[in-house]
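Structure record follows, encoded as structure tokens.
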Amino acid sequence: MAEPFKNMYNKQFFDLFTKDLRLVIDDFDAHGFVSQIMDDEWEGRELKQRWIHITSILKKFLPADYKEAITKILELLDHVKNTRPDFSVIDDTKFGLMLEYGVILNNYVEQYGLDDYETSVKAIEKITQFTSCEFVTHPFIIKYPDKMMKQMLVWSKHEHWGVRRLASEGCRPRLPWAMALPNLKKDPTPIIPILENLKNDPARFVRLSVANNLNDIAKDNPEIVIDLAKKWKGESKEVDWIIKHGCRTLLKQGIPEVMELFGFDSIRNNISVEDFQISSPKVKVGDSLEFGFNLLNHSNKTIKIRLEYGIYYQKANGTLTKKVHKISEKEYTGNSTTRIMRKHSFRVVTTRKFHLGLHQIAIIINGSEFEKYDFDLIELFDLIELFDWIG
């Protein structure tokens with residue numbers, strides 16, 4: 001089992017962190033700092049709680065004046081950059097090597113700098129060159145919407161790729177785990193010039209952020225993303241990748257206009273699904289649903305197919321909700337029969353809660369859903385099987 005992320009804040013980390021803090025804070029009490037952090041409640045705190053707690057303790061050891069405190073933080077970053085370049089430099093292949101430091105410093109700006117716009121914006125611009133500050137920009141966008149979005153546009157032309165990435169990532173309307181941006185969800189117009197500036201960016205992480213921002217926008221304003229995709233398509237292979245990845249939610253929704261844009265035509269008269277089989281009508285939590293089917297191309301022509309399946313999950317209220325999972329995108333030759341076999345895991349993870357009972361699965365081809373098939377999700381240990389085993 002993987003080590004919990006919260007455990008990255010351990011004795012080794014604090015030894016390094018306090019060593020660096022001694023160089024920028026006069027008479028820094030490393031023992032007192034660590035003692036206050038690793039208090040009686042430390043082990044029970046989860047990751048985000050640890051971030052906030054560390055930041056609140058750090059505030060006690062920094063100058064009381066916010067501007068002076070930020071000066072010390074920036075001195076700390078310069079020290080790390082000059083003394084341990086392998087630790088501080090991030091690029092297209094090494095992203096977030098300073099994650100542990102960065103989250104603490106980001107939290108400091110977010111918690112204590114919201115009323116000092118100018119100082120905080122300068123700090124964010126510097127800190128994000130070492131880590132990533134997209135969670136910090138959201139509360140600033142909410143409090144200073146016009147000023148902050150103008151700043152994001154300026155950052156989209158910054159010389160450092162990390163700042164350019166922040167220009168996009170920091171204004172994603174639906175950024176996971178971040179504060180919501182309801183105004184940009186409703187009207188993403190201010191974001192578009194930023195994405196226009198960044199769509200041809202040489203940095204891979206910047207282009208990925210542009211695609212993810214488009215995907216966020218598509219969930220509330222699909223027509224805007226469809227228009228941009230049509231406008232940008234064909235500019236370069238990198239831009240084509242951006243719009244394809246940015247339209248992934250629209251593709252899963254099977255919107256005909258988007259399907260056609262990427263070459264997935266209607267297939268109802270030419271493609272069929274036959275001999276669908278599920279290995280077991282009852283699947284235990286923790287196991288996998290195994291299924292297979294024949295994909296038949298009845299035409300004489302090769303057809304480009306986006307092949308997916310939808311799982312209809314049982315909800316707590318007894319209704320079903322669909323989640324689409326991609327199988328492949330490829331061409332199938334004319335008059336061909338292809339056997340497809342897949343497994344879908346029902347392993348327990350923290351991001352999804354399973355509800356027992358009726359579930360369904362359906363094959364989706366170029367956005368068109370075929371017949372649904374039922375199966376039941378049951379407890380890991382079925383009582384009948386348990387009694388049979390005991391008896």
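Tell me yes or no: at least one residue of region 139-161 is at pLDDT 95 or above, closer than 23 Å to ILE73 by Cβ and in contact with a Lys or Arg (Cβ under 6 Å, 6 or more places away or on another chain). Scanning region 139-161, I find at least one residue that is at pLDDT 95 or above, closer than 23 Å to ILE73 by Cβ and in contact with a Lys or Arg (Cβ under 6 Å, 6 or more places away or on another chain), so the answer is yes.
One residue stands out in region 179-197 among those that are under 19 Å from the mean Cα position of the chain (by Cα) and part of a helix (DSSP H, G or I): the one that is farthest from CYS247 (Cα to Cα), namely PRO182. Look at (1) assigned to a helix (DSSP H, G or I); (2) surrounded by 14 or more Cβ atoms within 10 Å (Cβ to Cβ) and you find that LYS19 fails only one, number (2). Within region 259-271, one or more residues are out of contact with any helix residue (DSSP H, G or I) (no Cβ under 7 Å at 6 or more places or on another chain), of a type in the set (Val, Ile, Thr) and in contact (Cβ under 8 Å) with a residue 12 or more places away in the chain. Counting only residues that are open to solvent by 40 Å² or more (accessible area, probe 1.4 Å), out of contact with any Ser or Thr (no Cβ under 7 Å at 6 or more places or on another chain) and in a strand (DSSP E or B), region 339-383 holds 12 of them.
Selection of first residues in region 66-85 that are closer than 17 Å to ASP115 by Cα and open to solvent by less than 40 Å² (accessible area, probe 1.4 Å) and of second residues that are small (Gly, Ala, Ser) and in a loop (DSSP other than H, G, I, E, B), restricted to Cβ pairs under 8 Å at least 6 apart or on distinct chains, gives the following pairs, ordered by first then second residue: TYR66/GLY113; ILE70/GLY113. Among residues of region 297-314 that are within 18 Å of LEU250 (Cα to Cα) and touching a residue at least 40 places away in the same chain (Cβ under 8 Å), those with a beta-carbon under 8 Å from a residue that is of a type in the set (Lys, Arg) and crowded, with 19+ Cβ neighbours inside 10 Å at least six positions away or on a different chain give the pairs GLU308/LYS252.
Within region 283-299, is even one residue at pLDDT 95 or above and surrounded by fewer than 13 Cβ atoms within 10 Å (Cβ to Cβ)? No, there is no match, as no residue in region 283-299 is at pLDDT 95 or above and surrounded by fewer than 13 Cβ atoms within 10 Å (Cβ to Cβ). Apart from one condition, PRO176 fits all of (1) open to solvent by 10 Å² or more (accessible area, probe 1.4 Å); (2) part of a helix (DSSP H, G or I); (3) within 25 Å of PHE13 (Cβ to Cβ); (4) not aromatic (Phe, Trp, Tyr); the exception is (2).
The values are calculated or read from the model by the stated rules, or taken from the named source; none is laboratory data. Just so you know, these numbers come straight off a predicted model, no measurement behind them. Note: ideal-geometry Cβ built from the backbone for every residue, glycine included; neighbour counts use all protein chains shown. Keep in mind that these areas ignore ligands, DNA and RNA; they rest on the heavy atoms of the full protein, side chains included. Shrake-Rupley method; radii C 1.70, N 1.55, O 1.52, S 1.80 Å.
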